[in-house]
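Inspection log for the structure reproduced underneath, given as structure tokens.
We did not get these values from a lab; they are worked out from the coordinates using the rules stated. Since the model is a prediction, treat every value here as computed from it, not as a measurement. Using ideal geometry, Cβ is built from the backbone for each residue, glycine included, and neighbour counts are taken over all protein chains shown.
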Amino acid sequence: MRTFKSLLIAVSLLGGLTSAFAADKLLSKADLAAANSLRERALADPTSWQLVESLTTEVGARLAGSTGDKAAIQWGLREMNRLGFSNVRAMEVTVPHWVRGEAECAVLAPWPVNIPTLALGGSVGTDPAGVEAEAVMVKDLAALAALPAGAVKDRIVYFSNRMDRTQDGSGYGRAVPVRTQGPSAAAALGARAIVIRSISTGSNRFAHTGALRYQPDVPRIAAFAISNPDADALERQFASGEKVRMRLRSTARDLPPEKSANVIGEIPGTDRANEIVILGAHLDSWDPGVGAIDDGAGVAIMMGVAKLIRELDLKPRRTLRVVLFANEEFGTSGSRTYTTAAQAESVRHVMGFEADFGAGPVWRLSSRVNPNQLPVVEQIQRALAPLKLARGGNAANGGADLDGLTRAGMALLSPDLDGTKYFDVHHTANDTMAQVDPASLRQATAAFAVAAWLAAQYPGEWETVTEAKPARR
Ligand SMILES: [Zn+2]
């Protein structure tokens with residue numbers, strides 16, 4: 001009996017201790033109430049829309065190294081100052097300067113037709129007369145590697161691989177190797193140029209560009225993308241069994257590297273000001289469109305979040321730092337420069353957010369936190385309930401710009417943007433304001449604002465995450 005009683009006392013003591021321990025590691029009622037106000041304000045606030053409208057209208061396309069890129073830096077500094085951010089500054093970044101020029105793609109036989117095309121980013125041009133050769137169709141890199149020796153020597157290689165539509169964007173990661181590695185893989189076998197079916201889910205005739213990666217020890221050959229309907233039409237020519245002859249021409253070229261900049265502004269923290277909650281997006285864009293969804297929307301969401309928190313005079317405990325990264329699209333030199341600089345700073349990056357997947361809505365909250373912090377993520381999830389988010393797992397990847405910080409163990413909260421239609425538009429001439437839905441953008445801004453505010457207020461430590469980072473989408 002005595003034993004049972006003491007056991008009861010021990011259990012109740014332990015229970016009391018556990019809940020006392022947990023309570024001081026959970027978000028306060030006041031912070032959660034502020035999150036509610038922030039959410040409601042964000043759902044009615046036009047700032048994110050106005051920012052992406054201003055960036056796409058007044059600056060437009062902003063490929064790394066271009067005059068648009070330089071104008072975007074000035075735009076970012078001006079708007080951050082106008083919105084009242086602190087410590088607004090530009091961090092110099094060296095970026096490549098590739099010029100697209102003109103591109104032409106024609107089928108000469110069996111049935112002549114001109115096909116709208118875009119050179120892949122970073123590709124070399126052709127001779128002025130172009131490349132004319134028989135074309136060989138393969139599905140992907142594995143199919144190319146399986147061809148008999150000499151099968152593509154002096155030929156044009158056409159990759160027919162089609163991207164799957166998915167909400168989380170995973171179809172892109174599966175399809176994109178033909179763009180990044182296809183040119184050198186084909187060149188290593190003696191091919192003279194490549195054409196790919198766009199890494200896109202679109203059904204219009206806008207070709208989709210994006211960066212390739214040449215291998216250093218292989219000749220550089222020209223590389224082109226054509227839209228899905230044009231790829232379908234080309235494949236009908238192959239299906240005839242006749243030899244398909246094509247001519248390709250491109251004036252793409254590299255110019256010397258240029259200076260660009262990461263644009264940075266803050267809402268300073270109070271008692272934990274040396275801990276940074278970073279809000280990242282990228283300022284550069286591809287050149288055929290004006291980068292409204294990639295990544296004007298991300299820029300606008302992050303600046304909108306910081307503006308709302310400042311305007312409500314919420315005084316975050318940790319410092320909220322908005323970073324508009326230079327050159328995400330052409331090798332992430334902005335991110336690498338930032339990561340190196342961060343190592344020399346006296347502050348610590350404890351939590352990351354990145355918006356680089358369109359203009360919303362947000363459909364899910366994923367995380368990458370030390371399991372000790374999962375109860376707080378659950379609290380944040382509950383604060384987001386009116387926005388109807390599902391709970392994702394604890395294996396969030398973040399985006400390309402936070403890659404270095406994440407590999408060093410920074411925790412992530414990821415309000416996941418719905419990617420179902422993103423790749424209809426991404427990296428095409430069709431990436432304009434017409435693709436941005438104001439209500440979805442406000443919902444996304446609200447989701448990021450609530451999560452960022454609560455991450456800044458967490459009374460415990462955001463501990464380092466030691467698990468290996470999952471593969472990028
Ligand atoms: Zn992007």
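With an 8 Å cut-off on Cα pairs and a minimum separation of 6 or more residues, tell me the relative contact order of region 254-315 in percent.
Values: 28 pairs, mean separation 21.8, N = 62.
Result for region 254-315 is 35 percent.
So what's the back-of-envelope 222 nm ellipticity for the chain, counting only DSSP H runs of four-plus at -39500 (n - 2.57) apiece and dividing by all residues, rounded to 500? Walk me through the numbers before you get to the answer.
Details: 14 runs with 158 residues, N = 473.
The helix contribution divided over the chain gives -10000 deg cm²/dmol.
Would you order Val347, Val450 from fewest to most other beta-carbon atoms within 10 Å of each residue's own beta-carbon? Spell out each step's value before the answer.
Numbers: Val347 14, Val450 27.
Going from least to most buried by this count: Val347, Val450.
Please list, in chain and number order, the residues 5+ apart from His282 or on another chain whose amide H is under 5 Å from its amide H, with Hs placed from the backbone.
Those lying under 5 Å, H to H, from His282 are Val299, Phe325.
Net charge around Ala175, counting only other residues with Cβ within less than 10 Å of its Cβ (Lys, Arg = +1; Asp, Glu = -1)? All intermediate terms of the calculation are to be shown ahead of the outcome.
Values: positive: Arg162, Arg174, Arg179, Arg197; negative: Asp140, Asp164.
Net charge in that neighbourhood comes out at +2.
In sequence order, what are the phi-derived ³J(HN,Hα) couplings for region 83-96 according to the Karplus relation 6.51 cos²θ - 1.76 cosθ + 1.60 with θ = phi - 60°, rounded to whole Hz, with x for glycine and proline?
7, x, 5, 9, 6, 6, 7, 10, 10, 4, 9, 8, 10, x
What percent does the relative contact order of the chain come to when contacts are Cα pairs within less than 8 Å and at least six residues apart? Before the final figure, lay out the partial values.
On the way: 1141 pairs, mean separation 106.6, N = 473.
For the chain, the relative contact order is 23 percent.
For Met137, list long-range residues whose amide hydrogen, built 1.01 Å from N in the peptide plane, is under 5 Å from its own amide hydrogen.
HN-HN under 5 Å from Met137: Tyr158.
On a 0 to 90 degree scale, rounded to 10, what angle separates helix 297-311 from the longest Cα axis of the chain?
20 degrees
Got a sec to turn the phi values of region 99-104 into Karplus ³J(HN,Hα) couplings, 6.51 cos²θ - 1.76 cosθ + 1.60 with θ = phi - 60°, whole Hz, x for Gly and Pro?
3J(HN,Hα) across region 99-104, in whole Hz: 10, 5, x, 10, 9, 9.
Exposed loop GluC sites (Glu not before Pro) only (DSSP loop, at most 15 other Cβ atoms within 10 Å): please give the longest stretch of the chain free of them, not including the sites.
Segment 103-241 is the longest.
Taking the beta-carbon count within 10 Å as an exposure proxy, list Asp313, Asp69 from fewest neighbours to most.
Details: Asp313 6, Asp69 25.
Fewest-to-most ranking of Asp313, Asp69: Asp313, Asp69.
If you plug each phi of region 409-418 into the Karplus form 6.51 cos²θ - 1.76 cosθ + 1.60 with θ = phi - 60°, what whole-Hz ³J(HN,Hα) values come out, in order, with x for Gly and Pro?
The phi angles translate into x, 5, 6, 10, 10, 10, x, 7, 6, 6 Hz.
Considering only region 155-300, what is the antiparallel percent among its DSSP beta bridges, to the nearest 5? Spell out each step's value before the answer.
Details: 0 of 9 bridges.
Of all bridge pairs located within region 155-300, approximately 0 percent are antiparallel.
Between beta-carbons, use under 11 Å as the cut-off and find the net charge around Val290, counting Lys and Arg +1, Asp and Glu -1.
Details: positive: Arg62; negative: Glu53, Glu58, Asp287, Asp294, Asp431.
So the surrounding residues net to -4.
What is the helix-to-structure angle for 438-457, meaning the angle in degrees between its Cα long axis and the longest Cα principal axis of the chain, kept from 0 to 90 and rounded to the nearest 10?
Tilt relative to the chain: about 50 degrees.
Less than 9 Å Cβ to Cβ from Gly334, Lys/Arg counted +1 and Asp/Glu -1: what total charge do the surrounding residues give?
Working: positive: Arg336; negative: Asp284, Glu328, Asp401.
In short, -2.
List Arg391, Arg318, Arg245 from most exposed to least, where exposure is judged by having the fewest other Cβ atoms within 10 Å. Mind dumping the intermediate values first?
Details: Arg391 13, Arg318 26, Arg245 17.
Arranged by neighbour count, lowest to highest, Arg391, Arg318, Arg245 become Arg391, Arg245, Arg318.
Can you list the residues, at least 5 places off or on another chain, whose amide H is less than 5 Å from the amide H of His97, using H built in the peptide plane?
For His97, the qualifying residues are Leu255, Glu258.
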